Amino acid sequence: MNVRIIYEDKDILAVVKPSGIPAQPDKTGDPDLLTAAEEQTGQKLFLVHRLDRPVGGVLLLAKSAKAEAVLSKAMQAGEVSKTYVAVLCGVPEESEGIWEDYLYKNGRTNLSEVVPKERKGAKKAILQYRLLGTKEGLSLVEIQLMTGRHHQIRVQTSSRGLPIWGDRKYNSLRRTMSGEAIALWSCAMEGRMGNGKPFLARALPEGIPFSLFPEILEKM
């Protein structure tokens, strides 16, 4: 696997994770991005955050345990912005807004759902979205995660009747065709290290159904 590096400094390596590839070794034993990046760079790397296996896009890796701890702390404090683009089945009523829910993860099924906040184990989930364009009953939206919960974007969109195109777990309206990936992509991560040095890593998605919105994506 050839790993695409889009940003690098003495602490951070930002790479593009292909859709369908695990971010780190898992029980499947399939080739994973972390191992491939370590083999390509010849150095030990640390996974700062995760992307679901079907989801592609920008992924941050740290070059040391110290850098990983600093970045993890910054993420927990909301000091690292995470921007996604997604294609939804349907059109939101409002062109922009903030969605706030409480999610519960079922460890047995590895699925999450929206539940009352009183539910034991429920965690608050917040995201901000902006409608970028519509076509053929689909919506291209930009999403900024304000919390990081299990399957958060996938659950919050589907619970509002706007499931992500191609999501095999939460979309009963439209399945992917063979070889096509879920239309959810991590397109940018931006923040600062402990020394105040800023970083920005960006990568735009390609292929169906993002290719329905070429003019919009080119302007991002």
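What follows draws every value from the coordinates through simple rules; no lab data is involved. Fair warning: this is a prediction, and the values are worked out from it, not measured in the lab. Cβ atoms come from the backbone with ideal geometry, glycine included; neighbour counts cover every protein chain shown.
According to a simple spin-label model (label point 7 Å from Cα along Cα-to-Cβ), what is the distance in nm between residue 7 and residue 136?
3.3
Calculate how steeply helix 65-76 sits against the longest principal axis of the alpha-carbon atoms of the chain, using the helix alpha-carbon long axis, and give the answer as 0 to 90 degrees to the nearest 10.
Between the helix axis and the principal axis of the chain, the angle is about 30 degrees.
Going toward the positive end of the dipole of segment 4-218, with +1 on Lys and Arg Cβ and -1 on Asp and Glu Cβ, which of 189, 106, 5 do you reach last?
Ranked along the dipole, the leading option is 106.
Top mean-square fluctuation among 43, 128, 76, Gaussian network model of the chain, C-alpha springs under 10 Å?
43
Need one number: nm distance between label points at residue 110 and residue 144, each 7 Å from Cα along Cα→Cβ, rounded to one decimal.
3.2
Using R₀ = 30 Å, calculate the FRET efficiency as 1/(1 + (r/R₀)^6) where r is the Cβ-Cβ separation of residue 211 and residue 64; round to 0.05.
Numbers: r = 39 Å, r/R0 = 1.29.
That gives a FRET efficiency of 0.20.
Once label points are set 7 Å from the Cα along Cα→Cβ at both residue 24 and residue 204, what is their separation, rounded to one decimal in nm?
Simple spin-label model gives 3.2 nm for this pair.
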